[in-house]
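Notes to accompany the following structure.
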Amino acid sequence: MGACSTPDLSGAITLARAHCPDRVVGMNIIAELTDLLGDAAVIPPEKLDLRDPGVVPENGHGVCGVAPADASEAQALFRWATKTGTPVVPQGGRTGLAGGAAGHNRAVLLLTHRLARQIDVDPVSSTALLSSNVTLAQAESSARQHGLSLGIDLGARDSCMIGGMISTNAGGMEAFRNGQMRQRVLGLEAVMPDGTLMSDLSRVRKCNEGYDIKQLLIGAEGTLGLVTTACLQLVPAPPPSETALIAAHDALAALAIFHRLQKATDLTVLRAEAMWPGYFELTAELNDQGDRIVDGAGLYLLLELVGDPVDEALFAHTEADLETGAVLDITLAASQSQANDLWRIREDSFAISRRHPHSLWFDVSVPLAELDDYVAQMRQRVIAIDDRLDAVAIAHLGDGNLHITVGYPEPFSNALANAVKPAIFDGIKARGGAFSAEHGIGTEKAAVLSTYGDPGKRVLMERIKTAFDPAGICNPGKVLA
């Protein structure tokens, strides 16, 4: 048979460029879904091409997109997918970094943007009923109108959606105070792979009504079903805060200050972000803030604080550290503009790519007492592989979640990438840490889970997957590859 004569579609997303039979299959799938759900629900591949796939290019790969208008249409889609054996890949804001929303040329992308958007804040019980397609920023804005907050924040706040945050058990900068999404969720509504609707939208803290199915869905990365609605526990919104940057001698000194401030009665620590010198110095320079670099600093601690007044209380709690040299310098932002500048150093993590366009990104956790030792040994292991490699690190200090970037002056070969990974992961479990902290497993860490995960836990995970999704159509190839 000759080459397929159908014109190729622009971009990375096509029905299947290589084989005409795949293209015919795709056209049949689009026709069947249009008959089932209507024209408005089906997004053909040429329109998928126009969407931003996010950090993971494969997020755009699919036969077509399907955007159900409500849970009943999602049920119909899953029943059809189970009957036909068609993979379904749920997608929200596409801000994930581990490939949890990656598609392929045989999959249907389940898009949530057409679901009726619901934001119902109950200020008396401090809860919010939210549809899965509400962004974090939208939910937080509504909560703030009642003096409340979701108690969780991410850099992708304007794009990430509640359903995706639940499915990845998102953490962020306030997790040390309020927990991850697992601790925020009171109830869920979800469509299961066989089309069953589970509606367990409890709005109370105490609810012992049998197996807590929602906890299996939280962090499952869409492999066990589609979250459509959630009830979240809110917390009081904090009063206006101030930002301080502390240049500490090392991580142990920074941790001592952090714990002291946590116990203080005249200050409240809202956020505590740590940056090792390699990250801080590079990002500060790339943001025209090289004057923030302090000679001899082993760790920079960026704090968001509430107090009256913050400056006096902070000085009182760090005066002795300044005298001993545990603290080398303290900068208190004098305005919101200065505070934004300081936070830009922390949040502009992609600045590293401007210096090191070829990079590997890692997301791990280690116990707080292990931070300095782990980072030092990790850097030594990485440099021992090739002295042109550069490993930089930042952390959510309160919970030990490290984000590590390993840069290289040229593209990573598979051999080099595979050599770097053990330098990051080896010994983490023995330290009591985790090889995946808040970004999930997706496709990126499926092999890591097989290598470093507990075999008994994996067996149970596979049984759960089989029980929830016996046809294997719900986001296949993620988590359990």
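The values are calculated or read from the model by the stated rules, or taken from the named source; none is laboratory data. Nothing here was measured: the structure is a model prediction, and the numbers come from that model. Note: ideal-geometry Cβ built from the backbone for every residue, glycine included; neighbour counts use all protein chains shown. Each accessible area value is taken on the protein alone, full model and side chains, heavy atoms only, with ligands, DNA and RNA left out. Shrake-Rupley method; radii C 1.70, N 1.55, O 1.52, S 1.80 Å.
Free of Cβ contacts under 8 Å to residues at least 24 places away in the same chain and not in a loop (DSSP other than H, G, I, E, B) - does that describe any residue in the range 470-479?
No.
Test Leu322 against the stated conditions and say whether it is in contact with a strand residue (DSSP E or B) (Cβ under 6 Å, 6 or more places away or on another chain) and either modelled with pLDDT of 95 or more or under 26 Å from Val392 (Cα atoms) (or both).
It is false that Leu322 is in contact with a strand residue (DSSP E or B) (Cβ under 6 Å, 6 or more places away or on another chain) and either modelled with pLDDT of 95 or more or under 26 Å from Val392 (Cα atoms) (or both).
Could you list, in sequence order, all residues of the range 325-353 that are in contact with a strand residue (DSSP E or B) (Cβ under 7 Å, 6 or more places away or on another chain) and acidic (Asp, Glu)?
Result: Asp329, single match.
If the requirement is being among the β-branched types (Val, Ile, Thr) and without any contact (Cβ under 8 Å) to a residue 60 or more places away in the chain, which of these qualifies: Thr95, Thr84?
Within the list Thr95, Thr84, the selection yields Thr84.
Applying the selection to the range 330-369, what residues are more than 23 Å from Leu97 (Cα to Cα) and either aromatic (Phe, Trp, Tyr) or open to solvent by 60 Å² or more (accessible area, probe 1.4 Å) (or both)?
Ala334, Gln336, Ser337, Gln338, Asn340, Ala369, listed by residue number.
In the range 377-403, what count of residues is obtained for those that are farther than 18 Å from Gly432 by Cα, open to solvent by less than 60 Å² (accessible area, probe 1.4 Å) and among the aliphatic types (A, V, I, L, M)?
Counting residues in the range 377-403 that are farther than 18 Å from Gly432 by Cα, open to solvent by less than 60 Å² (accessible area, probe 1.4 Å) and among the aliphatic types (A, V, I, L, M) gives 6.
Among residues belonging to the range 79-94 that are hydrophobic (A, V, I, L, M, F, W, C) and more than 15 Å from Gly163 (Cβ to Cβ), point out the one that is least open to solvent (accessible area, probe 1.4 Å).
If we take residues in the range 79-94 being hydrophobic (A, V, I, L, M, F, W, C) and more than 15 Å from Gly163 (Cβ to Cβ), then Ala81 is least open to solvent (accessible area, probe 1.4 Å).
Among (1) open to solvent by less than 10 Å² (accessible area, probe 1.4 Å); (2) touching an Asp or Glu at 6+ places or on another chain (Cβ under 9 Å), where does Ala423 come up short?
Evaluating Ala423 over (1) open to solvent by less than 10 Å² (accessible area, probe 1.4 Å); (2) touching an Asp or Glu at 6+ places or on another chain (Cβ under 9 Å) leaves (2) as the failure.
Hey, does the range 271-283 have a residue that's among the acidic types (Asp, Glu) and in contact with a helix residue (DSSP H, G or I) (Cβ under 7 Å, 6 or more places away or on another chain)?
yes
With a cut-off of at least 3 residues that are without any contact (Cβ under 8 Å) to a residue 60 or more places away in the chain, out of contact with any Leu (no Cβ under 8 Å at 6 or more places or on another chain) and open to solvent by less than 20 Å² (accessible area, probe 1.4 Å), name the strands (runs of 3 or more DSSP E) lying wholly within the range 159-278.
Once the strands (runs of 3 or more DSSP E) in the range 159-278 are filtered for at least 3 residues that are without any contact (Cβ under 8 Å) to a residue 60 or more places away in the chain, out of contact with any Leu (no Cβ under 8 Å at 6 or more places or on another chain) and open to solvent by less than 20 Å² (accessible area, probe 1.4 Å), nothing remains.
Count, please, the residues in the range 71-109 that happen to be among the aliphatic types (A, V, I, L, M) and part of a strand (DSSP E or B).
Count: 4.
Looking at (1) without any contact (Cβ under 8 Å) to a residue 60 or more places away in the chain; (2) open to solvent by 40 Å² or more (accessible area, probe 1.4 Å), which is the one condition that is false for Gln289?
(2)
Say we look at the range 294-313 and pick out the residues that are β-branched (Val, Ile, Thr) and over 29 Å from the mean Cα position of the chain (by Cα); which of these is least open to solvent (accessible area, probe 1.4 Å)?
Val310
Restricting attention to the range 445-460, does a residue exist that is more than 30 Å from Tyr211 (Cβ to Cβ) and open to solvent by 20 Å² or more (accessible area, probe 1.4 Å)?
Yes, the range 445-460 has at least one match.
Given (1) open to solvent by 20 Å² or more (accessible area, probe 1.4 Å); (2) more than 22 Å from Thr196 (Cα to Cα); (3) more than 21 Å from the chain's Cα centre (by Cα), identify the lone condition not met by Thr127.
Looking at each condition in turn, Thr127 falls short on (1).
All but one of (1) closer than 26 Å to Val406 by Cβ; (2) part of a loop (DSSP other than H, G, I, E, B); (3) at pLDDT below 95 hold for Asp295; which doesn't?
Going through the list (1) closer than 26 Å to Val406 by Cβ; (2) part of a loop (DSSP other than H, G, I, E, B); (3) at pLDDT below 95, Asp295 breaks only (3).
Please tell me if Leu9 is more than 29 Å from the chain's Cα centre (by Cα), modelled with pLDDT of 95 or more and not β-branched (Val, Ile, Thr).
Judged against the criteria, Leu9 is not a match.
Kindly list the number of the only condition in (1) touching a helix residue (DSSP H, G or I) at 6+ places or on another chain (Cβ under 7 Å); (2) touching a residue at least 60 places away in the same chain (Cβ under 8 Å); (3) open to solvent by 50 Å² or more (accessible area, probe 1.4 Å); (4) not in a helix (DSSP H, G or I) that fails for His439.
Unmet for His439, out of (1) touching a helix residue (DSSP H, G or I) at 6+ places or on another chain (Cβ under 7 Å); (2) touching a residue at least 60 places away in the same chain (Cβ under 8 Å); (3) open to solvent by 50 Å² or more (accessible area, probe 1.4 Å); (4) not in a helix (DSSP H, G or I): (1).
If a residue has to be under 23 Å from the mean Cα position of the chain (by Cα) and either over 24 Å from Ala102 (Cα atoms) or open to solvent by 20 Å² or more (accessible area, probe 1.4 Å) (or both) to count, how many in the range 408-417 make the cut?
The number of residues fulfilling the criteria is 0.
On the basis of being modelled with pLDDT under 90, more than 26 Å from Met198 (Cβ to Cβ) and open to solvent by less than 40 Å² (accessible area, probe 1.4 Å), does Leu97 make the cut?
Answer is no for this residue.
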